[in-house]
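A short worksheet on the structure shown next.
FYI, it's all coordinate maths here, none of it is from the lab. Everything numeric in this text was worked out from a predicted model, so none of it was measured. Neighbour counts run over all protein chains shown; Cβ positions are idealised from the backbone, glycine included.
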Amino acid sequence: MNIHAMSPSPALSTVRCSDPEEFNAMLPDVDRRILPLVTDLSFFQAELRLGQLRLAIIKRPPCTSMVHVAKTRIGIALPMNDSPGLKLNGLPLDRPALVNHGSSIPLQIFQPGELTIAAIIFPADDCDRGWPERNQAARVNEIRPAAFEQLRLMIADVVHLASRAPLQLSRQNLVSGLQQSLLGGFDHAFLSAPGEISTALAIRKYVRICRLVDEFLSDAAADIRSSADIAAAAGVSIRTLHNAMTAVKGISLQKFMMLYRLWSVRNALLRAGPEDLIKTIALDNGFWHLGRFSRTYRAFFGESPSDTARRSPHG
């Protein structure tokens, strides 16, 4: 991630400083105490607000530090670059992992090299996603390398969009799409570990959950729904929803959501008039990375979005 390429926008604030005390106070709901290991200091922080969700990108010089996230907030962090010698609470962090900040015991960090961190922060009462429970002390959750790299790339793409195309964030569906992409990326990372063993009883329960999902999406066809919305409608956690989708529909929750939105775009393109723009239709369906959208659409349907739109009888 190129920190220096980030530009501030109405949704993305950026701050650079060389004063540890100033840096400590730059992130609301987070208590930090930094002891630098070098004298040549350069701190950087970018903060993107997407409704109640905040994405922070933090670059720090070599230091030892203490970090605590307020009890009313959930904080999940990951390193955006490899940092040899990095330790969390005295244990080496030398593998792909997500870090859940503790509710009462500060996280102790030792980093002998420069480090860039990404963190999402949001209200604790919004976290019924089936993620590992928040303990008193920080918890390190090992995840699969592929999911880890995918999450890093997604975070970089989200920040790039906020920096380079800030006017797009005035679209509520686009903001919802960004939220869904971020939270879905963390969902996938947490859920990529082997799931539960399904029993016949569980399968019957899962079938009922999937039926409720189908009914909910059919009733809300005009709106972009997040995985959290769908789980709430089914009355289950996101982890249970993911397991139900995998067991019954044969695909992960993340892939199901992607396919649902792709078909929504296709239906809109086949009914589009000459004044309808493909870009607008994609954004309205939560596809904020237009290059990736076009590639995904072509890979799945075997034609470009413009090829589909040309077949509209209204075009």
Report task. Give, as a single signed number, the net charge of other residues whose beta carbon lies under 14 Å from the beta carbon of LEU182, with Lys and Arg counted +1 and Asp and Glu -1. Result -> 0
**Report entry** More than 22 angstrom apart: percent of Cα pairs within the stretch 202-315
**Finding:** 39 percent
Query raised in the report: For all pairs of alpha-carbon atoms in the stretch 27-180, what percent lies in each bin of width 5 Å, listed from the first bin to the last filled one?
Result: 2, 8, 18, 22, 21, 16, 8, 4, 1, 0
Query - Cβ-based exposure ranking for VAL158, VAL30, in which fewest neighbours within 10 Å come first - result: VAL30, VAL158
Report task. Using only Cα atoms, find the angle between the long axis of helix 145-164 and the longest principal axis of the chain, and express it within 0 to 90 degrees, rounded to the nearest 10. Result -> 90 degrees
Report task. Against the globular-protein guess of 2.2 N^0.38 Å, express the Cα radius of gyration of the stretch 1-86 as a ratio, rounded to two decimals. Result -> 1.10
Requested in this report: Let me have the 222 nm mean residue ellipticity of the chain computed from DSSP H runs of 4+ only, each contributing -39500 (n - 2.57), with the sum over all residues rounded to the nearest 500.
Outcome: -12000 deg cm²/dmol
Query raised in the report: If contacts are Cα pairs under 8 angstrom and at least 6 residues apart, what is the relative contact order of the chain in percent?
Result: 14 percent
Query - Label selected from (i) 1.19; (ii) 1.07; (iii) 1.02, the criterion being Cα Rg over 2.2 N^0.38 Å as computed here - result: (ii)
Query raised in the report: To the nearest 10 degrees, how steep is helix 253-269 against the longest Cα principal axis of the chain, on a 0 to 90 scale?
Result: 50 degrees
